[in-house]
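Here is the structure we will look at, set down as structure tokens.
The values are calculated or read from the model by the stated rules, or taken from the named source; none is laboratory data. The structure presented is a predicted model; accordingly, all values stated were derived computationally and were not measured. Here the Cβ positions follow ideal geometry from the backbone for every residue, glycine too, while neighbour counts run over all protein chains shown. Remember, those area values only see protein heavy atoms, side chains included, never the ligands or the DNA or RNA. Shrake-Rupley method; radii C 1.70, N 1.55, O 1.52, S 1.80 Å.
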Amino acid sequence: MSLIRCSPTVFPSTRTGLCQFGSNNNNVPMMIICSSKLQSQVIRCSSVPVKVASCSQAAVSTKGSRNLSGSDHKDGVKLYVGLPLNSISECNAINHSRAIAAGLRALKLLGVEGVELPVWWGVAEKQAMGKYEWSGYLALVDMIQKSGLKLHVTICFHASKEEDIQLPKWVSEVGESKPDIFFADRSGKRYKHCLSFGVDNLPVFDGKTAIEVYQGFIESFKTSFAPFMGSTITGVTIGMGPDGELRYPSHHDQVNNNVDHGAGEFQCYDENMMQSLKENAENAGNPLWGLCGPHDAPTYNQQPIMNTFFKEGGSWETAYGDFFLSWYSTQLVSHADRMLSLAASSFNNTTVKVSGKLPLVPSWYRTRSHPAEVTAGLYNTVNRNGYEEIANVFCKNSCRMILPGMDLLDEQQPNESFSSPELLLADIKDACRNNDVKVCGQNLNVAGTIKNFEQIKKNLAGENGIELFLYQRMGGEFFSPENFPMFSAFVRSLNQLEVDSDDLGVNGEGALLVPGRNRKLQAVSNCELRSSSLKTCTFVCTS
């Protein structure tokens, strides 16, 4: 996805691609034309035909496609596709409206239930605390409603380095004078993409705590989007940490090519977290345990065996190790309880379902100490099931748990990291089943293989009865000739859609523009809908 821009940009040139999806009983194929300034791409899709539409507007009519939506199917998994992270620009406008509109139409025709939209704290409350600007998001939600799709909103109280989306300006200004609002590692390096759990209940924001600030944002969102609640907006995920996940930023400083091999670092060295550690150590009768974190723990890129903490018989299995790891994970679980309780109480008088996202940290899962999970705050080792306590908090607040990585296979993992996403997912799902927590799924990689899609279906068919899957994420890679046919087949395998006769062309083809191969969704300056005959309808975006 492209960086946020306030002005339209131009589609770059791409090569032409053609993919045949299959055929249907009516022999009326649909073409998805991926058009750029100089060239076009065609993905021939006969799974769902498209109705010939009027050519006077820059959008394809959704009339007649009512029976193609997954929302009409009461059984089976509800499939949502994530919109681009930067759908709304830093100046609060829809960043690439024509491409998004075309993408929405394509998803509707495929029978997808809805889309997922990231709502960024740093965009909607950018300038001053309590000053909210929802205009861009309201316009986009209105577009989604008119497309006939449902919407799952993710409230993002974190920043995105990938898309250059920052925390609110006023939060960063507070951080300049009070750096301990951010996490810190043993060397003192700050993680400035989300707030430390240590300020949840501290009035560091002009007399308000972080929880009170989060509450103000959620209440403003709920009030502003009240007309869409329960009808278009069916679910809300509350962000709880880095990338919205319930974890510490324990792996943020790893070298890219070593991200699966390092143990990660504990993130407990900001002043507020250290004060909590000190108090807990004193209460436990061992004040020396509260002076700092483990001195023998590895750094981000070191393998766990490089230091003694995570070794066989290392500090993690001592009384001190259990004290520290219990305290460290308790700060995480308590934060989850506060955030989920806040979200659940805010939406308790609506039909909107509240979710929270847990990370999948499979590296070193096949070891006894599970170092990558432990540094992330997930105290799950051979001696302790760390997910039962977390699942209990989700149950207590009647919230669903979103689990990413349902496309991952053990056979695709590097041997050096002792990774097992399949066993870890089963571990977490067992904890959810034991605590009566509903599980929602999410993939990790857009560019997958047939094996990865089969793995998703395997996870969806498990005993947990997963009813919602969030496929991440719409963009050039998602709509590429390599990936879109596999995704389309995946959708068909989840829902055997009935085709309304009104949607059939007359011995012809329909076509719909979507972003092209190896391109990010970007803004376009103008779009026109052209129809060369009653047999063909082509939606072309030009610069």
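Brief remarks on what is shown
- Tally of residues being assigned to a helix (DSSP H, G or I) and touching a Gly at 6+ places or on another chain (Cβ under 8 Å) across the range 308-329: 5
- Selected residue (only one of V60, V52, V112, V81 is of a type in the set (V, I, T), at pLDDT below 50 and either crowded, with 23+ Cβ neighbours inside 10 Å or part of a helix (DSSP H, G or I) (or both)): V60
- Wholly enclosed strands (runs of 3 or more DSSP E) of the range 128-198 bearing at least 2 residues modelled with pLDDT of 95 or more and either open to solvent by 50 Å² or more (accessible area, probe 1.4 Å) or not aromatic (F, W, Y) (or both): 150-156, 190-195
- In the range 98-122, residue nearest to V213 (Cα to Cα) [restricted to those that are within 19 Å of the chain's Cα centre (by Cα) and small (G, A, S)]: G122
- Filtered residues of the range 242-251 (kept if open to solvent by less than 10 Å² (accessible area, probe 1.4 Å) and in a loop (DSSP other than H, G, I, E, B)): L246, Y248, P249, S250
- Of all residues in the range 361-387, exactly one satisfies the criterion of being out of contact with any Phe, Trp or Tyr (no Cβ under 9 Å at 6 or more places or on another chain) and either within 27 Å of Q215 (Cα to Cα) or of a type in the set (S, T, Y) (or both), namely Y387.
- Residue check, L332 part of a helix (DSSP H, G or I), open to solvent by 70 Å² or more (accessible area, probe 1.4 Å) and at pLDDT 95 or above: no
- N95 over 14 Å from M143 (Cα atoms), crowded, with 24+ Cβ neighbours inside 10 Å and within 19 Å of the chain's Cα centre (by Cα): no
- Within the span defined as the range 347-366, one or more residues are without any contact (Cβ under 8 Å) to a residue 40 or more places away in the chain, over 20 Å from Q442 (Cβ atoms), among the polar types (S, T, N, Q) and surrounded by fewer than 23 Cβ atoms within 10 Å (Cβ to Cβ).
- All positions within the range 336-364 that are at pLDDT 95 or above, of a type in the set (S, T, Y), in a loop (DSSP other than H, G, I, E, B) and in contact with a helix residue (DSSP H, G or I) (Cβ under 7 Å, 6 or more places away or on another chain): none
- Some residue of the range 208-219 being over 24 Å from the mean Cα position of the chain (by Cα), outside any helix (DSSP H, G or I) and of a type outside the set (F, W, Y): yes
- The set of residues in the range 374-404 being under 23 Å from N349 (Cα atoms) and of a type outside the set (A, V, I, L, M, F, W, C) consists of N392, K396, N397, S398, R400.
- Qualifying residue in the range 387-398 (condition: surrounded by 24 or more Cβ atoms within 10 Å (Cβ to Cβ) and in contact with a strand residue (DSSP E or B) (Cβ under 6 Å, 6 or more places away or on another chain)): yes
- Annotation for the range 210-233: no member residue is of a type in the set (D, E) and closer than 30 Å to N301 by Cα.
- Taking the listed residues R433, R473, R492, the one that is in a loop (DSSP other than H, G, I, E, B), open to solvent by 30 Å² or more (accessible area, probe 1.4 Å) and among the charged types (D, E, K, R) is R473, with no other qualifying.
- Count - residues of the range 367-386 that are in contact with a strand residue (DSSP E or B) (Cβ under 8 Å, 6 or more places away or on another chain) and part of a loop (DSSP other than H, G, I, E, B): 3
- The residue of the range 431-447 that is farthest from S488 (Cα to Cα), among those that are in contact (Cβ under 8 Å) with a residue 40 or more places away in the chain and out of contact with any helix residue (DSSP H, G or I) (no Cβ under 7 Å at 6 or more places or on another chain), is C440.
- Failed item, numbered, when H261 is tested on (1) open to solvent by 10 Å² or more (accessible area, probe 1.4 Å); (2) more than 22 Å from S419 (Cβ to Cβ): (2)
- In the set (1) open to solvent by 20 Å² or more (accessible area, probe 1.4 Å); (2) out of contact with any Ser or Thr (no Cβ under 6 Å at 6 or more places or on another chain); (3) modelled with pLDDT under 90; (4) among the hydrophobic types (A, V, I, L, M, F, W, C), the condition left unmet by V540 is number (2).
- Filtered residue count, the range 436-452, keeping only those that are surrounded by fewer than 18 Cβ atoms within 10 Å (Cβ to Cβ) and more than 23 Å from C399 (Cα to Cα): 5
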